[in-house]
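Below is one structure, written out as structure tokens; comments come after it.
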Amino acid sequence: MTEFGLDELFEQVACPLCNSEKRDLYVEHDGDPYLNQLKVPQDFKVSFYYCGDCELIYQSPRWTKKTADRFYSRLYRPRTPQQKNVDYKLKDAADVYDFIHENKEFPDSGKMLDVGTGEGLLPYTHEKMAENGGPKWDTYAIEPNKVYADWARANKLCQVETGEFKKKSWRNLTFDLITAQQVLEHIHDPVAFLKLCNDRLYSDGWLYIGVPTVEYPWGNEYNRFNQMLSNFTASPHLTLYTPRTLGRMLNKAGFYLERLDYYSRGIRSLSRKLRLGETQEHYGRENRKRIKETFENCCKLEREHLAKQQEDSSNEGDSKEDKGVEVPAVSK
């Protein structure tokens, strides 16, 4: 980092899950479009490592918390959502809703908190399902991006607090359900984040997590990745998961993994708080050769994908002005 003069922007880290410093270089690439916005030299490499102990794949050096705050507050999603993004994410929210509420033990009502809510469509879906005869939920949301938080409030999609998820967020309320869709991979200390979720849940509370994954059940059909996972290996993704490493992280934070499934954006899980005297362990080792092959091919495709969309990569397709996005109704 010193050769680029970037010591204040980036930091070297050990494994965020087990704190081990034993690691092997997994994959690296340069020309990251997000780092381009931070004026980082083109030949600076984004490097991912494979932890030799717990097997988590993580990025090092990675941008510091200060650098990340600067990026997300000034450069990321500077414009309001576009209709096509709202339509897509509403379908995604409905899919997440179905996954959560398929669990037979899941409560019929309660308070939910959606962390990193974006447009606010997951809380919105819960409220609309209740209007159509589904389970009744009091919904709350947190969104660090002011543009998106303001947009969600203006369109009356949910009651949202602008900022990061902290101990005092939403007046220290306790929740029956906390959701974090495509959030954990951006967090500098994911174990601490999950422990905070645990602290804010009732003793019988539930946690939904959706993250990108480096492991896919459909093998070598790499052309599918480019359609589903844009910016997969880009610099904002600090950690990358498999079902086993996500399970281990949830266990370390005091959760029992009840359900896990692959879906179009990676893997998703539903966990409950560990009960008194209860433990859960995810044993075994990863098929490292297969995962690395998948990862490298996915990386290659995503680099090509991002190169074509570099000009608007930070906007995720957002429009230059708010033209009055219409949020569709949700049917039961």
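The heavy atoms of E304 offer some 90 square angstrom of accessible surface to a 1.4 angstrom probe.
In the context of the full set of protein chains, region 1-128 has a per residue accessible area of 44 Å² (1.4 Å probe). Rounded to the nearest Hz, the phi-derived 3J(HN,Hα) couplings of region 171-179 under the Karplus curve 6.51 cos²θ - 1.76 cosθ + 1.60 (θ = phi - 60°) are 6, 6, 4, 9, 10, 8, 8, 10, 10, where x marks glycine and proline. Within the shell of other residues whose beta carbon sits under 13 angstrom from the beta carbon of S60, the net charge comes to 0, with Lys and Arg scored +1 and Asp and Glu -1.
Sequentially through region 245-254, phi angles give Karplus couplings (6.51, -1.76, 1.60; θ = phi - 60°) of 6, 5, x, 5, 5, 4, 4, 4, 8, x Hz, Gly and Pro residues having no value and appearing as x.
Tally up the carbon and sulfur contribution to the accessible surface of region 95-164 as a whole percent, 1.4 Å probe, everything protein left in place.
Carbon with sulfur: 44 percent of the solvent-accessible area.
Solvent-accessible area of C18, all protein chains in place: 50 Å² (probe radius 1.4 Å, heavy atoms, ligands and nucleic acids excluded). Calculated FRET efficiency, S47 and K168, Cβ-Cβ r, R0 41 Å, to nearest 0.05? Efficiency for this residue pair is about 0.70.
Residues whose amide H falls under 5 Å from that of F10, counting only those 5 or more places apart or on a different chain, are T64, with hydrogens built in the peptide plane. Amide H contacts under 5 Å for E161: A141, I142, E143, restricted to partners 5 or more places along the chain or on a different chain, H placed in the peptide plane at 1.01 Å from N. Each residue of region 106-123 is assigned a 3J(HN,Hα), and the resulting list reads 6, x, 7, 7, x, 10, 10, 10, 9, 8, x, 6, x, 6, x, 7, 6, x Hz, derived from the Karplus form 6.51 cos²θ - 1.76 cosθ + 1.60 (θ = phi - 60°), x at Gly and Pro. Going through the cross-link list K66/K195; K156/K273; K39/K289; K91/K289; K84/K252, which pairs have a Cα-Cα distance over 29 Å in this structure? Going by Cα-Cα distance, K156/K273; K39/K289; K91/K289; K84/K252 fall outside the 29 Å limit.
Compute the length gained on full extension between A154 and E278: take 0.36 nm times their separation in residues and subtract their Cα-Cα distance, giving the result in nm to one decimal.
Separation in residues times 0.36 nm, less the Cα-Cα distance, equals 40.2 nm.
The values are calculated or read from the model by the stated rules, or taken from the named source; none is laboratory data. Bear in mind the structure is a predicted one, so any value in this text is a computation, not a measurement. Glycine gets a Cβ as well: all are built from the backbone with ideal geometry, and neighbour counts include every protein chain shown. Keep in mind that these areas ignore ligands, DNA and RNA; they rest on the heavy atoms of the full protein, side chains included. Shrake-Rupley method; radii C 1.70, N 1.55, O 1.52, S 1.80 Å.
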